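Engineer: The structure is given below, and queries will be raised subsequently.
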Amino acid sequence: MTTAPDPYAARLQIDYSERLDRLSTAFRLIMIIPIAIVLGLLTGSGTSQTVTETGRAVRSSGGGIVAGLAVATALMIVVRQRYPRWWFDFALELTRFSARVGAYALLLTDRYPSTVDEQSVHLDIDYPDVTRDLTSWMPLVKWFLAIPHYIVLALLAVGVVLAVIVAWFAILVTGRYPRALFDYVLGVSRWALRVQAYMLLLVTDRYPPFSLQ
């Protein structure tokens, strides 16, 4: 008797809706603008301007809160072997919010993204025991080890764009998101989340599987 593998540290599930609103779908690119601005303000990089001694203005951009949190977490794991719980909780809720906005943008749900409620997007990430689950030097190389995933995800993203375009027309005509396309888009989103958990959120040393499941 075979034993099922342990679930990955990051998991995503989105409820499939049998009927979707045609009007909401038709104007999705307009309707998403306000919540996309909110998400952009939370995750976007800041820009500053510095004047040099010669009078030349030099613009520089910060990496944004997501990149800053990733670097800070990496340093804490490498130097102190700690992962502050409140950092994790913030990153988890921000990732959940981003997933809700992403699901809405990809037409996977009609529910306008909430900044608080889970809605139909169920995302969970396990909080790591640093001394037991994480190797202190791994954050230094995870970005490199994940390169094969970047390449595959870039190719899969092309398929996602095509799938969403086809789904948009299908919803306008039938009011339904073709289940095969829904499962594909969800699978790519799930794959991307696992890579994010591995090399950005740094919650696990287990290499992400090459799988849509």
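Every number here is computed from the coordinates shown, using simple stated rules; none is lab data. Model, not experiment: these values are computed from the prediction. We place every Cβ from the backbone using ideal geometry, glycine too, and count neighbours over all the protein chains shown.
Engineer: Does Arg100 qualify as being surrounded by 12 or more Cβ atoms within 10 Å (Cβ to Cβ) and over 15 Å from Leu140 (Cα atoms)?
Structural biologist: Spelling it out, Arg100 is indeed surrounded by 12 or more Cβ atoms within 10 Å (Cβ to Cβ) and over 15 Å from Leu140 (Cα atoms).
Engineer: Still on this structure, please answer the following. Hey, can you tell me all the residues within segment 129-147 that are farther than 10 Å from Thr204 by Cα and in contact with a Phe, Trp or Tyr (Cβ under 8 Å, 6 or more places away or on another chain)?
Structural biologist: Correct list: Lys142, Leu145, Ala146.
Engineer: How about segment 161-199: which of its residues are surrounded by fewer than 17 Cβ atoms within 10 Å (Cβ to Cβ) and farther than 22 Å from Ser24 by Cα?
Structural biologist: Gly187
Engineer: What number goes with the only condition from (1) touching a residue at least 12 places away in the same chain (Cβ under 8 Å); (2) among the β-branched types (Val, Ile, Thr); (3) within 19 Å of Leu39 (Cβ to Cβ) that Thr135 does not pass?
Structural biologist: The one condition Thr135 does not meet is (3).
Engineer: Here's another thing I want to ask about it. So which residues in segment 71-117 are in a loop (DSSP other than H, G, I, E, B) and either within 24 Å of Leu181 (Cβ to Cβ) or in contact with a Leu (Cβ under 6 Å, 6 or more places away or on another chain) (or both)?
Structural biologist: Selection gives Leu106, Leu107, Leu108, Thr109, Asp110, Arg111, Tyr112, Pro113.
Engineer: Which pairs turn up if I take residues in segment 181-198 that are in contact (Cβ under 8 Å) with a residue 40 or more places away in the chain and look for partners that are charged (D, E, K, R) and assigned to a helix (DSSP H, G or I) with beta carbon separation below 9 Å, at least 6 apart in sequence or on another chain?
Structural biologist: Filtered contacts from segment 181-198: Tyr198/Lys142.
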